[in-house]
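Please treat every number below as a calculation from the coordinates, not as lab data. The shown structure was predicted, so the numbers you read here are calculated from the model rather than taken from an experiment.
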Amino acid sequence: MATSTSFLEERLDAGALPLAVGDILVIFLLVTVGVIQHNGVSYLSTDPVAWVLTAVPFIVAWGLVAPLLGAYSPGAAESAKSAVPLGIRSWLVAAILGAVIRWTPLFDGGADPIFIGVMLVLGSIALGVWRTLYFRLV
């Protein structure tokens, strides 16, 4: 008798939990570096709510997109060879969605095309490096 699994059950592997935690930290670090670059390091303590709210659209977008595109699928949890492209593919969509969310009246900051380009490139590099290092260290 065949068992049926849901779409998300096929896309999520408990073994990928360390990747998920690291991915979220990397995305938050990426946004933090950008906040410091544009506002100075003191901004982190003078307006911590704005700092965190800068990251929220990208974290939310990542949480929506990454599982759907396989960033935490069984293949992603096995090797850098599969984890890196799955992470980058997910990031490219999540960064655009995050920028769209940031563009809404719910968040300050807008979504300038240059900002989106920087997020696409630097986020892809950061996630790729993180995921590669993860599999070299584990």
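Any chance you could give the angle, 0 to 90 degrees and rounded to 10, that helix 48-68 forms with the longest Cα principal axis of the chain?
It is inclined by approximately 20 degrees.
What angle, in degrees between 0 and 90 and rounded to the nearest 10, separates the Cα long axis of helix 80-103 from the longest principal axis of the Cα atoms of the chain?
Around 40 degrees separate the two axes.
With just the Cα atoms of the stretch 1-129, tell me how far they stretch along each of the three principal axes, in Å, largest first.
59, 29, 25
Relative to the longest principal Cα axis of the chain, at what angle does helix 17-39 sit, 0 to 90 degrees, rounded to 10?
With rounding to tens, the tilt is 20 degrees.
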